[in-house]
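S.K.: This is the structure I have questions about; it appears just below.
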Amino acid sequence: MDLTMDCADAGRMAEFYKLAMGYVDEPPPAPFATREEWLAQFDDDEEDGGGGAWLHDPTGVAPRLCLLEVPEPKTAKNRLHIDLRVARGGTPEQRWAAITAEADRLVAAGASRLAEFTGHHIVLADPEGNEFCLGGQSTVD
């Protein structure tokens, strides 16, 4: 399964999501040596934007993230968003401390804090305004 997100600057978004999710760049499909070589096989349509970045979970568990450059800006709330579980186990206070620390780290990397549901989750927006949530998971979730 892939999650695909339209964006204006795939490189910037890739760096943000590698930091936020621990993802890495996905190698190009065989037999191509680079993503640029792979992209060159497609017709270049000026209206499509054309750039992109492809990331994957190095553990192979989570879905791939495809970031595709498009010319139009984001205009409304996401219909689908990413929930990042950044705190597992521990006391509720320890989980909340981990969530808030991760939110601070991502804000420093370009995210914006949108809403906070104390003790449960924080809603953020990535550098291009796409909403996502940071939350925790107890050992019984």
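S.K.: Using the heavy atoms of the protein chains alone and a 1.4 angstrom probe, what is the accessible area of the chain per residue in square angstrom?
M.R.: 60
S.K.: Going by average Cβ density within 10 Å per residue, which order do the peptides 4-11, 75-82 take, highest to lowest?
M.R.: My ranking of the peptides, most packed first, is 4-11, 75-82.
S.K.: If I fit a long axis through the Cα atoms of helix 92-108 and take the longest principal axis of the Cα atoms of the chain, what angle between them do I get, 0 to 90°, rounded to 10?
M.R.: Here the helix axis deviates by roughly 40 degrees.
S.K.: As a test of the formula, what do you get for the chain when each DSSP H run with n ≥ 4 contributes -39,500 (n - 2.57) and the sum is divided by the residue count, at 222 nm and rounded to the nearest 500 deg cm²/dmol?
M.R.: -7500 deg cm²/dmol
S.K.: If you place +1 on the Cβ of every Lys and Arg and -1 on the Cβ of every Asp and Glu, how big does the dipole about the Cα centre of the chain come out, in debye to the nearest 20?
M.R.: Using only the charged Cβ atoms, the result is roughly 980 debye.
S.K.: Rounded to a whole number, what % of the accessible area of the chain do carbon and sulfur atoms account for, probe 1.4 Å?
M.R.: Roughly 53 percent, rounded to a whole number.
S.K.: Right, here's the next one. Take peptides 88-95, 116-123 and line them up by average Cβ neighbours within 10 Å, highest first, as a rough protection proxy.
M.R.: The packing order, highest mean first, is 116-123, 88-95.
S.K.: If amide hydrogens are placed 1.01 Å from N in the peptide plane, which non-local residues have theirs closer than 5 Å to the one on Met5?
M.R.: Close amide H contacts, sequence-distant or interchain: Cys66, Leu67, Leu68.
The values are calculated or read from the model by the stated rules, or taken from the named source; none is laboratory data. Source: prediction; values computed, not measured. Cβ atoms come from the backbone with ideal geometry, glycine included; neighbour counts cover every protein chain shown. Note: areas computed on protein heavy atoms with side chains; ligands, DNA, RNA excluded. Shrake-Rupley method; radii C 1.70, N 1.55, O 1.52, S 1.80 Å.
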